[in-house]
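Reviewing the structure listed below.
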Amino acid sequence: MLVLPAPGGELLNWSPSGPRPPAPPQTPQPPPASRIAYAAAHVVADALADEPYAVDWDTTLAFREHLWSCGLGVAEAMDTAQRGMGLDWATTRELVSRTGAVAAGRRWCAGVGTDQLPPGPATVSSIVDAWREQLGLVSGAGAIPVVMASRALAAAAQSPDDYHAAYGKLLSEAGGPVLLHWLGEQFDPALAGYWGHDDVRAAARELASLCAEHAATIAGVKVSVLDAEIEIEFRRALPDGVACYTGDDFNYPELIAGDAEGHSEALLGIFDPIAPVAAAGLRRLDDGDQAGFRALLDPTVPLAREIFRAPTRHYKTGVVFLAHLNGHQDHFRMIAGQESARTITHLATLLRLADEAGVLADPELAEARMRPLLQVAGVV
């Protein structure tokens with residue numbers, strides 16, 4: 001039994017009680033048939049390195065093997081991998097190359113950003129050049145490119161026309177299908193007003209218009225605005241052949257399940273810590289069992305909402321914390337020291353909610369790994 005701090009300052013006695021998750025597959029599972037599903041994967045820091053940006057490559061790649069073995073695709077070098085929060089372009093380039101070397105035809109996509117640009121103002125032309133460089137790397141490594149929202153473009157653009165010009169130039173020469181990524185300001189405040197609008201519905205209409213202009217190149221759009229109603233409106237406005245990928249870590253079960261007019265595919269950070277449960281749920285959908293899908297996925301929502309609560313950009317801390325509790329890495333250290341971004345009370349809440357959601361692979365191991373963190377924090 002552990003003594004855990006709770007919001008409000010009280011202490012709670014806790015011992016594992018929740019149901020065990022679906023067992024990780026002993027043999028690799030095929031991807032689900034009814035939905036396309038990617039887990040945005042975190043990176044594992046080298047805890048013994050002298051500099052704070054070193055990656056433990058073996059453990060990082062082993063985690064991708066875990067996601068693939070569950071039957072999920074891997075979304076590489078996305079914001080879950082600390083793009084813009086510790087992972088620089090040189091390390092990102094190596095990450096993409098290493099993942100490409102082991103992918104062996106399995107489903108994966110990778111982020112195409114502009115984070116190699118130097119600090120300071122950038123021109124639309126230099127932004128497109130940066131995207132172009134990264135798109136070449138990602139395509140060459142065998143991944144589906146995901147054109148990420150650019151902080152540089154958010155700072156440089158004066159109107160929606162600037163977004164259309166920048167994306168239009170890149171997409172006209174992309175040479176193959178790409179995904180676009182709309183990351184809301186909850187995830188990155190530097191992206192406020194993206195697509196030239198402060199109003200999120202106006203931004204959604206602008207993006208739908210861009211998709212209509214380039215429907216031959218855009219295979220889908222990942223939407224991360226944490227608003228199910230807006231995502232559904234956007235999904236219905238997309239042209240035929242352009243899929244909506246939910247990045248809504250608050251409302252994903254209902255968005256993936258869909259309605260009579262369609263559904264969202266999945267590209268989610270929350271699928272990193274709940275991969276076995278998510279994959280098992282998606283197979284229920286393959287069998288036409290929507291109630292079974294919801295029975296597995298709905299209990300994970302309180303956990304996801306706590307991981308991604310404001311300030312949402314620090315959700316990576318919870319993702320890595322759960323990877324440590326579940327035995328995927330032997331320490332709770334992060335690139336650039338981001339493990340300190342959340343409080344011990346938050347981490348204790350995640351432990352309780354993960355247990356209730358049935359996503360602790362080995363509750364006794366999780367308890368043993370939580371104990372020293374509590375001791376360091378002065379709780380026990």
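Taking the residues in the stretch 236-250 that are of a type in the set (A, V, I, L, M, F, W, C), farther than 26 Å from I307 by Cα and not in a strand (DSSP E or B) as candidates, determine which candidate is most open to solvent (accessible area, probe 1.4 Å).
Among residues in the stretch 236-250 that are of a type in the set (A, V, I, L, M, F, W, C), farther than 26 Å from I307 by Cα and not in a strand (DSSP E or B), the one most open to solvent (accessible area, probe 1.4 Å) is A237.
Could you check the stretch 118-189 for helices (runs of 4 or more DSSP H) lying wholly inside it with 1 or more residues that are in contact with a Gly (Cβ under 6 Å, 6 or more places away or on another chain)?
Of the helices (runs of 4 or more DSSP H) lying wholly inside the stretch 118-189, those with at least 1 residues that are in contact with a Gly (Cβ under 6 Å, 6 or more places away or on another chain) span 124-141, 160-172.
Within the stretch 361-380, how many residues turn out to be under 26 Å from A278 (Cβ atoms), touching a residue at least 60 places away in the same chain (Cβ under 8 Å) and open to solvent by less than 60 Å² (accessible area, probe 1.4 Å)?
Of the residues in the stretch 361-380, 5 are under 26 Å from A278 (Cβ atoms), touching a residue at least 60 places away in the same chain (Cβ under 8 Å) and open to solvent by less than 60 Å² (accessible area, probe 1.4 Å).
Here is a yes/no grid of residues against (1) open to solvent by less than 50 Å² (accessible area, probe 1.4 Å); (2) touching a helix residue (DSSP H, G or I) at 6+ places or on another chain (Cβ under 6 Å):
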{"position": "G73", "(1), (2)": "yes, no"}
{"position": "A77", "(1), (2)": "yes, yes"}
{"position": "G84", "(1), (2)": "yes, no"}
{"position": "T92", "(1), (2)": "yes, no"}
{"position": "A103", "(1), (2)": "yes, no"}
{"position": "A110", "(1), (2)": "yes, yes"}
{"position": "T123", "(1), (2)": "no, no"}
{"position": "V128", "(1), (2)": "yes, yes"}
{"position": "W131", "(1), (2)": "yes, yes"}
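Can you give me the number of residues within the stretch 321-365 that are closer than 22 Å to R20 by Cβ and assigned to a helix (DSSP H, G or I)?
The total comes to 19.
Within the stretch 256-269, is even one residue touching a residue at least 24 places away in the same chain (Cβ under 8 Å), over 16 Å from the mean Cα position of the chain (by Cα) and farther than 30 Å from L353 by Cα? Give the derivation first.
Step one: filter the stretch 256-269 for residues touching a residue at least 24 places away in the same chain (Cβ under 8 Å), giving 256-257, 259, 261-269.
This time we only want the ones that are over 16 Å from the mean Cα position of the chain (by Cα), so: 257, 259, 261-263.
From what is left, the residues that are farther than 30 Å from L353 by Cα are 261-262.
Yes, because at least one residue in the stretch 256-269 is touching a residue at least 24 places away in the same chain (Cβ under 8 Å), over 16 Å from the mean Cα position of the chain (by Cα) and farther than 30 Å from L353 by Cα.
Tell me, which residue of the stretch 251-290 that is in a strand (DSSP E or B) and in contact with a strand residue (DSSP E or B) (Cβ under 6 Å, 6 or more places away or on another chain) is farthest from A39 (Cα to Cα)? Explain how you work it out, then say what you get.
Of the stretch 251-290, the ones in a strand (DSSP E or B) are 259, 262, 265-268.
From what's left, in contact with a strand residue (DSSP E or B) (Cβ under 6 Å, 6 or more places away or on another chain): 265-267.
Working: E265: 11, A266: 8, L267: 6 Å.
By that ranking, first place goes to E265.
One line per residue, one yes/no per condition, for (1) over 22 Å from E339 (Cα atoms); (2) modelled with pLDDT of 95 or more; (3) open to solvent by 20 Å² or more (accessible area, probe 1.4 Å):
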residue	(1), (2), (3)
R35	yes, yes, yes
Y38	yes, yes, no
A49	no, no, yes
W57	no, yes, yes
E65	yes, yes, yes
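Output the qualifying pairs, or none if there are none: Cβ atoms under 7 angstrom, residues six or more apart or on different chains, first residue in the stretch 115-132 and within 17 Å of G84 (Cα to Cα), second residue open to solvent by less than 50 Å² (accessible area, probe 1.4 Å) and of a type outside the set (A, V, I, L, M, F, W, C).
Pairs that qualify, where the first residue is within 17 Å of G84 (Cα to Cα) and the partner is open to solvent by less than 50 Å² (accessible area, probe 1.4 Å) and of a type outside the set (A, V, I, L, M, F, W, C), are D115/R83; D115/G84; L117/S126; I127/T114; I127/S150; A130/T114; A130/Q116; W131/T114.
The values are calculated or read from the model by the stated rules, or taken from the named source; none is laboratory data. Note that the structure is a prediction, hence the values are computed from the model and not measured. Methodologically, a virtual Cβ is constructed for each residue, glycine included, from the backbone with ideal geometry; neighbour enumeration extends over all protein chains shown. These accessible areas exclude ligands, DNA and RNA; they are computed on the full protein's heavy atoms, side chains included. Shrake-Rupley method; radii C 1.70, N 1.55, O 1.52, S 1.80 Å.
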